[in-house]
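Note sheet for the following structure.
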Amino acid sequence: MSTLQMTSPKPSSIWHTGKMTEITIDDLKSLLDGAVRLIDVRERDEYSSGHIPGAINAPLSELADHVEKFRSADVVYVVCQAGGRSAKACEALEGAGLTGLVNVLGGTGAWKARNFPLEVG
């Protein structure tokens, strides 16, 4: 199990489930005031229809082309629509040698259901 160094504010709901580290959307929202690396692995059309502010689009189908963009980050939060593709992306990125990967539970769908702001485009 990997240890994740967090900076203040420290989220209260980070889970380590086996090798996968996960965070709730509520705790992710509290981190967005700072500089966080958040990647959205949904396809381009899904991303452009509404995404979490500050998220960078790196579709799961093209993820291998984007790995180097995230290698220097200490922590990388990974989101999709519901959590399945982002979990697969975390596994793929870990396989490419990245560490500090955090899967966002519930994904953009849960974010939207909470009426948190979305960026379009």
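The values are calculated or read from the model by the stated rules, or taken from the named source; none is laboratory data. Remember, it's a predicted structure, so these values are computed and weren't measured experimentally. Heads up, the Cβs are rebuilt from the backbone with ideal geometry, glycines too, and the neighbour counts pull from every protein chain shown.
Side notes on the structure shown:
- Condition met for Val102 (touching a residue at least 40 places away in the same chain (Cβ under 8 Å), in contact with a Lys or Arg (Cβ under 9 Å, 6 or more places away or on another chain) and within 17 Å of Val36 (Cβ to Cβ)): no
- Unmet requirement for Asn115, which otherwise passes all of (1) on the phi > 0 side of the Ramachandran plot; (2) in contact (Cβ under 8 Å) with a residue 12 or more places away in the chain: (2)
- Residue ID - surrounded by the most Cβ atoms within 10 Å (Cβ to Cβ), chosen from residues in segment 94-121 that are modelled with pLDDT of 95 or more and assigned to a helix (DSSP H, G or I): Thr108
- Looking only at residues in segment 31-87 that are among the basic types (Lys, Arg) and modelled with pLDDT of 95 or more, the one that is nearest to Thr108 (Cα to Cα) is Arg42.
- Restricting attention to segment 64-81, the residues that are within 22 Å of Leu31 (Cβ to Cβ), more than 11 Å from the chain's Cα centre (by Cα) and aliphatic (A, V, I, L, M) add up to 1.
- Listed by first and then second residue, the pairs with beta-carbon distance under 6 Å, at least 6 apart or on different chains, first residue in segment 44-71 and crowded, with 18+ Cβ neighbours inside 10 Å and outside any helix (DSSP H, G or I), second of a type outside the set (Asp, Glu) and modelled with pLDDT under 95, are Ala58/His66.
- Subset of segment 72-93 [surrounded by 16 or more Cβ atoms within 10 Å (Cβ to Cβ), out of contact with any helix residue (DSSP H, G or I) (no Cβ under 9 Å at 6 or more places or on another chain) and not in a loop (DSSP other than H, G, I, E, B)]: Ala87, Cys90
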